[in-house]
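Some notes on the structure that comes next.
The values are calculated or read from the model by the stated rules, or taken from the named source; none is laboratory data. If you're wondering where the values come from, they're calculated on a predicted model, not measured in any experiment. We place every Cβ from the backbone using ideal geometry, glycine too, and count neighbours over all the protein chains shown.
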Amino acid sequence: MKPAAFRYHAPKTIDEAVALLAEVAPEDGRVLAGGQSLVPTMAFRLAKPGHLVDINNVAGLDRLTVKDGKLCIGACVRHAAFAKPVCEGPLGKLLANVMHHIAHFPIRNRGTFCGSLANADPASEWCLVMTALDGEMVARSSSGTRTIAAREFFQGIMTTALREDEILIEARLPLLPADTRCGFYEYSRRAGDFAMAASVGVYRLDGGKIVEPRVAVGGVEPNPRRVAEAERALAGAEPGDTAFRAAADAAMHAVEAMEDAITSAEFRRDLVLAVTRRALERAEKS
Ligand SMILES: Cc1cc2nc3c(=O)[nH]c(=O)nc-3n(C[C@H](O)[C@H](O)[C@H](O)COP(=O)(O)OP(=O)(O)OC[C@H]3O[C@@H](n4cnc5c(N)ncnc54)[C@H](O)[C@@H]3O)c2cc1C
């Protein structure tokens, strides 16, 4: 199938882009970034936007910078940009590891980090990482700029706090101290498929005991989230099998797993047990 008719706009500046979006949003005007989610849904006519505001020619949106202890990821930075560490320390390594689980080579070369966040698929790896590390999103419209915390940004399946006239211009992640241990694990049927469950585990050690634990799961509930019960099971414990199994068990009991045509809620809960434990084991070896 071919997409329904739409008008294409190619602004060159961010001011032009937000002004255009404000004008066309009431006629289902949409931002076009990498097009790797939007264009297939248009081809199937699941989406029929009247206008596309292509942000690929907007100056400055392809920047990846480190500022004030944060990695700043512009709206047009592609998944492939993370293939090698983009910053010093554990954060760069974690992002490089995660990137290799996203889709396939051609999609990674075109799809964008921020496009994934705006699309908010429950199984998106970048949405999970932003949630685990309490990242923030910078949204811009013709009426100004606002910063939204990850825990407020993701609001359900493919639903975010972005207004229809807002462009997500940047995502920010805190740089992690050098001694931070990070692990990621996802389960999918084939390489490149969306995850049926995924987890990020992060912690540091103080006197041999776990401090500042973070455990987040994705692909399980309508949006990724940190699991406080699992983090409590880790805090103050010695890293190792006993603590990791306790945290994974707590995560499994805490989630309200989604069900779909091929995956029962029960199986997905079992996957949470496995992916959480493995993410923590990988963190220990990082
Ligand atoms: C076969 C296949 C496998 C895939 N596997 C995975 C996977 O394993 N993991 C994964 O996470 N993703 C996967 N994807 C999706 C891919 O990562 C997309 O690149 C990503 O979801 C969307 O990014 P994009 O830049 O292509 O956005 P687009 O397709 O251009 O846009 C997606 C949506 O977000 C909106 N949008 C995009 N950017 C912005 C912005 N800056 N501000 C406001 N709104 C914006 C658009 O209007 C649209 O509604 C897969 C896709 C395909 C086709």
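Things worth noting here:
Every residue, every condition in (1) out of contact with any Leu (no Cβ under 9 Å at 6 or more places or on another chain); (2) near the ligand (Cβ under 8 Å from one of its atoms), yes or no:
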site	(1), (2)
Ile102	yes, yes
Phe105	yes, no
Gly115	no, yes
Ala118	no, yes
Cys127	no, yes
Glu136	no, no
Arg140	no, no
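- Criterion (charged (D, E, K, R), touching a strand residue (DSSP E or B) at 6+ places or on another chain (Cβ under 8 Å) and buried (at least 21 other Cβ atoms within 10 Å of the Cβ)) met by exactly one of Glu166, Glu212: Glu166
- Unmet requirement for Asp165, which otherwise passes all of (1) away from the ligand (no atom under 16 Å from the Cβ); (2) under 30 Å from Leu21 (Cα atoms); (3) not in a helix (DSSP H, G or I): (1)
- Some residue of region 27-42 being modelled with pLDDT of 95 or more and acidic (Asp, Glu): no
- Taking helices (runs of 4 or more DSSP H) as the structural unit, those lying wholly within region 183-286 and holding at least 1 residues that are in contact (Cβ under 8 Å) with a residue 60 or more places away in the chain correspond to 265-285.
- Selection status of Ala171, within 14 Å of the ligand (Cβ to nearest atom), of a type in the set (Gly, Ala, Ser), at pLDDT 95 or above and in a helix (DSSP H, G or I): no
- Identity of the residue in region 33-60, within 18 Å of the chain's Cα centre (by Cα) and either of a type in the set (A, V, I, L, M) or not in a loop (DSSP other than H, G, I, E, B) (or both), that ends up surrounded by the most Cβ atoms within 10 Å (Cβ to Cβ): Ala33
- For region 1-32, filtering for residues that are in a strand (DSSP E or B), within 12 Å of the ligand (Cβ to nearest atom) and among the charged types (D, E, K, R) leaves 1.
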